[in-house]
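The values are calculated or read from the model by the stated rules, or taken from the named source; none is laboratory data. Just so we're clear, the structure is a prediction, and the values are computed from it rather than from any experiment. FYI the Cβ positions are ideal-geometry reconstructions off the backbone, even for glycines, and counts take in every protein chain you see. Keep in mind that these areas ignore ligands, DNA and RNA; they rest on the heavy atoms of the full protein, side chains included. Shrake-Rupley method; radii C 1.70, N 1.55, O 1.52, S 1.80 Å.
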Amino acid sequence: MALPIIVKWGGQEYSVTTLSEDDTVLDLKQFLKTLTGVLPERQKLLGLKVKGKPAENDVKLGALKLKPNTKIMMMGTREESLEDVLGPPPDNDDVVNDFDIEDEVVEVENREENLLKISRRVKEYKVEILNPPREGKKLLVLDVDYTLFAATNMKWIEAKMKELGVSTNANYKITFMLDSAAMITVHTPRRGLIDVKPLGVIWGKFSEFYSKKNTIMFDDIGRNFLMNPQNGLKIRPFMKAHLNRDKDKELLKLTQYLKEIAKLDDFLDLNHKYWERYLSKKQGQ
């Protein structure tokens, strides 16, 4: 059931109509980020309480007993200039504390509440097309943080992608870039709520071009694949770039793997965990 909420921030009111009672406070914050530009970690939502205490990110909106069109106030500041975000990346334990999705035996891929979240992202999330999808081409989805370069927030990433020429070079066929608003939160029994990157959002928006059969995703964090484990390839993180940028050859090796599997009609029989073994076998033939 939809739960409309009105959020007041910066002298304006924002209407939130796409969330339900099964969504969480974090889902609300991520949606507000798309409306206001304020990062979820910088948001403070006044009036959201459970048993007299401020609601944590994993609390479902239905537990807050909000009436339709309840007005709440948000406090928080967005970065107004790139200078605020161009500093060195903050210490981040996400990579160190990552877990292999095989260690977390939990069925989240087909859970109804997660599929509903993906459906809402497909409907509401706006994708800016940089280059049109090409008929017959496979889809490579690249994580940015610790895969292409060191991690910071989205404004810094957009600036860096322009600086590298990724979003402007005519020879690159980058179709789009997605931010955290395309992610969803899923619940796992052992680790609670976690953010994941559902490829279903892409498949839903571009169903005539992309599917499980022709999509591969590179990411250094295995839990991001929980909604699409068959399509994920976990790579070694590109950390401490200023020290090892001349030694990290992971993407160069993966280029050869991509060239090999591009010859296939579909990827459903591949186990990307063993990509190095697959590549060695093909190169030895």
Take the solvent-accessible surface of the protein heavy atoms, probe 1.4 Å, and return the percent of it on the range 3-78 that carbon and sulfur atoms account for. 51 percent
Under 11 Å from the Cβ of Gln43, count the other residues' Cβ atoms, weight Lys and Arg +1, Asp and Glu -1, and hand me the total. +4
Do any GluC sites (Glu not before Pro) in the range 187-285 lie in a loop, going by DSSP, with at most 15 other beta-carbon atoms within 10 Å of their beta carbon, and if so which? Glu208
Per the rule of 0.36 nm per residue minus the C-alpha distance, extending Leu130 to Arg191 adds in nm 18.3 nm
Summing +1 for each Lys or Arg and -1 for each Asp or Glu, what net charge is found among the other residues whose Cβ lies under 11 Å from the Cβ of Lys71? +1
Got the relative contact order for the range 110-282 handy, in percent, Cα pairs under 8 Å and 6 or more residues apart? 25 percent
Probe 1.4 Å, protein heavy atoms only - accessible area per residue of the range 3-78 in square angstrom: 55 Å²
Greater than 24 Å apart at Cα, pairs in Lys65/Lys205; Lys212/Lys263; Lys234/Lys281; Lys44/Lys123; Lys44/Lys205: Lys65/Lys205; Lys44/Lys123; Lys44/Lys205
State which entries of Lys213/Lys249; Lys33/Lys53; Lys49/Lys273; Lys60/Lys253; Lys138/Lys249; Lys126/Lys247 exceed 32 angstrom in Cα-Cα distance in the structure shown. Lys49/Lys273; Lys60/Lys253; Lys126/Lys247
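Quantify, in whole percent, the carbon and sulfur part of the accessible surface of the range 169-266 (1.4 Å probe; protein heavy atoms only).
Percent of accessible area from carbon and sulfur atoms in the range 169-266: 50.
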Expected output is a single nm value to one decimal: the length gained when fully extending between Gln256 and Asn110, i.e. 0.36 nm times separation in residues minus the C-alpha distance. What is it? 49.3 nm
